[in-house]
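The values are calculated or read from the model by the stated rules, or taken from the named source; none is laboratory data. The shown structure was predicted, so the numbers you read here are calculated from the model rather than taken from an experiment. So basically every Cβ, Gly included, is an ideal-geometry build from the backbone, and we count neighbours across all protein chains shown.
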Amino acid sequence: MKSPASASWKAPLKFRMPTAENLIPIRLDIEVDGQRYKDAFTWNPYDPDSELVMFAKRTVKDLKLAPGFLPQIVQSIQSQLATFQSYEGQDMYVGDKIVPIKLDLRVNHTVIRDQFLWDLNNFDSDPEEFARTLCKDLGIEDPEVGPAIALAIREQLYEIAIQNVTSARENRINKKGRRAAEHFPISKASGAALDLMKLFSFRSSVVRKRKEWDNYKPILDLLSNEDVDALEAKEERSGR
Amino acid sequence: MAEKSPVKEAAPSESVPVSNSVQLKPSPQFSAKFTTPTPPNSDIPSTPTNRPPPVDADVIHVPSYSRWFSWDKIDSCESRFLPEFFDGRSPSKGPSLYMYYRNSIIKLFRENPSRKITFTDARRNLVGDVGSIRRVFDFLDHWGLINYSASSALSKPSKDTASNNKSSDSPSLESPSTAAPTPKQSSTSRRFCGACKSLCTIACFVCDKYDSTLCARCYVRGNFRVGLSNADFRRVEISDEANAEWSEKETLLLLEATMHYGDDWKKVAQHVGGRTEKDCVAHFVKLPFGEEYLGHPLLDDAESGFETNKRACLTPLSDASNPIMAQAAFLSALAGVEIAEAAAQAAVNILSKVDDTTASRGGNGSLERNSRQEISSNGDTNQNASERAYEDANSQLNKEEEDIGRAITEITEVQMKEIQDKILRFEEMDLLVEKERQQLESMKNLLFIDQLNLSFRRNSNYA
């Protein structure tokens, strides 16, 4: 039998988000003069810098934040952008990887928990589209849930992409024999990923086992006001 | 998302929005009533404001220049202002995404039309990257599809001037205002920057793709919209243009002064007032004295243009790499549109006869915005030439056809004549034959009579 590993080795690609649009997730958590500003959104790293400044200005104006927030916001976004850009030129190794993405969010009154598989090789994938469809299908009325879901997906994909870059870097350093290195990435990096070859072999079937069904079902909860307050208080305490 | 109380407004006039003089808003000054498809909003603002009494709670006012809006369609101006969704660069950013953003933002606003929605509200509720959402939001805001109630119309100018004063680089209104429905901007020589709305003085940068103009500061700062890069802009010198606007009074003063003072340009400049010596000389030289129109009639415009240019190269020229082209550009700007067009046409004629590249360059290859019209007129002359050739061919074809037709008719006439002659001959023969037959008949009769006589005689003989 030919070794299955060599069949799935792919040439390393340049680092990018494995989605159709190369957008990155940005998280902000700034505290100035007792005012706390927490936010998270998706950003297009190819927008010019003027866009960034303007966005910060409008946010400060719209939310009536203290003017001291402005430079902090700009700086925070810029540093996250810089991190992204530092990874940009490097090689990323992507094999046949299907990774599970988990959602566990609370947005205002809605709690959503879900798990699904995502194909990293599909560079046409669109977390925004997925989030929109998910909200529509589940009938979520709160419009803020959608962006939060898209953001969570993006963050996880970003993490995985970064891991790929570092693993590719390590492999290049460790490369002793040319052939041997090819096998390593498959076994090491696919800890969380599924091995497609095993799945599609004749011994198992593609249909998910019944006991795993519950894991992959979205769970949606609507909380009452008291629950929300309680949870928020708990988060604050754990955060501090 | 804290609920804000509806803004109280002072002017109780009927729902005619104040003409927003800050931006280059188009002339229609009245608003159109636009009934929303959403169910009526039951929360009429509780505070008694001086706003005109809302007859229906579900009537939303939309300025008439935004009449094109409809929920299911995308208008051409939308695709012009927000090209990122329509140029197919990224597969997921398409018109359907744009419609999702636009419709959600507008729906969000119309849920509570008395309250202005902020960009942060909008982007919190939409799935997508905030840059694109912001652009859609700004577009809708500028076109009055959101945040356009009688109260906001008043506060708008103040908001914009305030933001303009606060920061010179607020390109939030850059994209729509530059190509707003008034095309005045392009034709006047006074250029306003699309981003900071300041008068362009020394040089400005023009982007042809999206028809926007930026002053040097905004260009350097990168205050253009996302789809553009530095390379898309070309530099346009203003200083000579602005100064070239000599009013009639000034020209008159200039002429008087030159009559009095002759060559003493210092005194002339003093007399004219407000113009430097160089400008006076330059303008004086450019005044039409008739000598410019002598010489070769066809090459006249181009040549005279070059000559005067040599004399008038006192004013600073644009920094185009090719000095000849720069001069031509300068000239065409000064000479005006029609003259430049005529020059270009003349040059094209010459080009078709003689392969003179400098003449063609002078006529065709200018860089100014006027040259675009030249080029289009060149295209027209070319087109005319080919049309004329086509017409010539057609007329020749027609002539041939006529000749052929004539020849055919002649042939048929001749043949008909032949036939007629034949018929005549046959008739004559017929007559002759008829005559012979009659003769024969008469002979037959005679013979019969003879026979009878003979038989009578025989009978009588025997009897």
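Look at residue B:406 and say whether it is basic (Lys, Arg) and either touching a Phe, Trp or Tyr at 6+ places or on another chain (Cβ under 9 Å) or at pLDDT below 75 (or both). Here the answer is no, as residue B:406 does not meet what is asked.
Check whether at least one residue in the stretch A:61-70 is over 15 Å from residue A:32 (Cβ atoms) and either of a type outside the set (D, E, K, R) or facing chain B (nearest Cβ under 7 Å) (or both), and report yes or no. Yes, because at least one residue in the stretch A:61-70 is over 15 Å from residue A:32 (Cβ atoms) and either of a type outside the set (D, E, K, R) or facing chain B (nearest Cβ under 7 Å) (or both). Restricting attention to the stretch B:34-43, does a residue exist that is among the hydrophobic types (A, V, I, L, M, F, W, C) and at pLDDT below 65? So far as the stretch B:34-43 goes, yes, one or more of its residues are among the hydrophobic types (A, V, I, L, M, F, W, C) and at pLDDT below 65. Residue-level check: of (1) β-branched (Val, Ile, Thr); (2) within 16 Å of the chain's Cα centre (by Cα); (3) away from chain B (no Cβ under 11 Å), residue A:74 misses just (2).
Taken together, B:168, B:132, B:177, B:186 contain a single residue that is modelled with pLDDT of 80 or more and either more than 26 Å from the chain's Cα centre (by Cα) or assigned to a helix (DSSP H, G or I) (or both), which is B:132. In the stretch B:89-120, the residue that is nearest to residue B:148 (Cα to Cα) out of those that are at the interface with chain A (Cβ under 7 Å from one of its Cβ atoms) and more than 36 Å from the chain's Cα centre (by Cα) is B:118.
Has the stretch B:71-86 got any residue that is surrounded by fewer than 18 Cβ atoms within 10 Å (Cβ to Cβ) and at pLDDT below 75? No - not one qualifying residue is present in the stretch B:71-86. Return only the number of the condition from (1) closer than 30 Å to residue A:216 by Cα; (2) within 13 Å of another protein chain (Cβ to nearest Cβ) that residue A:54 does not satisfy. Residue A:54 satisfies every listed condition except (1). Remark: pairs (first residue in the stretch A:134-158, more than 21 Å from residue B:105 (Cα to Cα) and touching a residue at least 60 places away in the same chain (Cβ under 8 Å); second residue polar (S, T, N, Q) and buried (at least 18 other Cβ atoms within 10 Å of the Cβ); Cβ separation under 9 Å; 6+ apart in sequence or on different chains) = A:154/A:19; A:154/A:42; A:157/A:19; A:157/A:125. Quick check, is residue B:86 more than 13 Å from chain A (Cβ to nearest Cβ) and under 24 Å from residue A:23 (Cβ atoms)? Here the answer is yes, as residue B:86 does meet what is asked.
Every condition in (1) in a loop (DSSP other than H, G, I, E, B); (2) farther than 25 Å from residue A:44 by Cα is met by residue B:65 except one, and the failing one is (1). Can you confirm whether residue A:33 is closer than 21 Å to residue A:158 by Cα and either among the basic types (Lys, Arg) or more than 10 Å from chain B (Cβ to nearest Cβ) (or both)? No, not satisfied. Can you say whether residue B:346 is at pLDDT 80 or above and surrounded by 18 or more Cβ atoms within 10 Å (Cβ to Cβ), as far as the supplied structure shows? Here the answer is yes, as residue B:346 does meet what is asked. Among residues of the stretch A:80-97 that are basic (Lys, Arg), those with a beta-carbon under 6 Å from a residue that is at pLDDT below 70 and surrounded by 17 or more Cβ atoms within 10 Å (Cβ to Cβ) at least six positions away or on a different chain give the pairs A:97/A:193.
Of everything listed in (1) in a loop (DSSP other than H, G, I, E, B); (2) more than 13 Å from every other protein chain (Cβ to nearest Cβ), the single unmet condition for residue B:80 is (1). Looking at residue B:297, is it closer than 30 Å to residue B:350 by Cβ, at pLDDT 50 or above and part of a loop (DSSP other than H, G, I, E, B)? For residue B:297, the condition - closer than 30 Å to residue B:350 by Cβ, at pLDDT 50 or above and part of a loop (DSSP other than H, G, I, E, B) - is not met. Only a single item in (1) at pLDDT 80 or above; (2) touching a Pro at 6+ places or on another chain (Cβ under 6 Å); (3) not basic (Lys, Arg) is not met by residue A:112, and it is number (2). Only one entry in B:126, B:140 is under 22 Å from residue B:72 (Cβ atoms) and within 11 Å of chain A (Cβ to nearest Cβ), namely B:126.
Scanning the stretch A:112-135 for residues that are within 14 Å of chain B (Cβ to nearest Cβ) and among the basic types (Lys, Arg) gives a single hit, A:132.
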